[in-house]
Structures are given as structure tokens and as C-alpha cells.
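The values are calculated or read from the model by the stated rules, or taken from the named source; none is laboratory data. Keep in mind the model is a prediction, meaning the values are calculated, not measured. No Cβ is skipped: glycine too gets one built from the backbone with ideal geometry, and neighbour counts run over all protein chains shown. When the accessible area is computed, the model is the full protein with side chains, heavy atoms only, and any ligands, DNA or RNA have been set aside. Shrake-Rupley method; radii C 1.70, N 1.55, O 1.52, S 1.80 Å.
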Amino acid sequence: MGRSLSTQTDLFNSIESKLNSYRNILRLQDKEAFDNIMAHARKHLPSASEAAHFYPLEIMLLAISLEQEKGSYRLLDKIDELLNLYESIEERLIKLEVIFKNFQEE
């Protein structure tokens, strides 16, 4: 009979199971954040099998960090969009002020 190795999914489920008592004592808001973090890690399970020489927890933390980094990029993009929108509105207001001033002078 041969030896079989646990899959990354099995290892992830084991870690998640061990963290369940910790999760249970969290406040509701924290439980939701915890669940989101674990979902981030779960997204990367297929690629985790390519890094089986690392400890599973290390791969989970890396996956979580990757997702948070992507979230940071999305937030920065939204901030840029809002700043561009603000600048566009500000330019329009300046143009309107000039038009209004010219209208008053006529």
C-alpha cells in the first residue's frame, strides 16, 4: 500500500477547521471579514498545488495578500476616477463662471 499526500484543498480545509473555534468567538462584523479573507485564500487553491513545497499556511497568507493587493489597486483606480471627475467638474464650473460673468457684463 502506497503513501498518499494530502491535497492543498485538504490542507486548507484542515487549517480552516482548526480556525473555526477562533471564528466562532468573533463579533458578527469580524466573522464576515474573516470569511472574506478565507474566500480570498480559497480562490488560489488551484495555484497553491504548484507551491506544495511551502507550508499550506504560507500559501494561504500569500493568497490573501495577493487579493488584498488587488483590492488596493482597485481602490486607487476608483480614487483616480473620482479625482478626474472632480477636476472635470471644477473645470466646467470655471467655464460656467466665465460665461456667467460675460453674461452679466452684457
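Odds and ends about this structure:
- Any hit, segment 30-42, residues being loosely packed, with under 10 Cβ neighbours inside 10 Å and either modelled with pLDDT under 90 or out of contact with any helix residue (DSSP H, G or I) (no Cβ under 8 Å at 6 or more places or on another chain) (or both): no
- Residues of segment 63-106 that are under 30 Å from A52 (Cα atoms) and either open to solvent by less than 100 Å² (accessible area, probe 1.4 Å) or not basic (K, R) (or both): A63, I64, S65, L66, E67, Q68, E69, K70, G71, S72, Y73.
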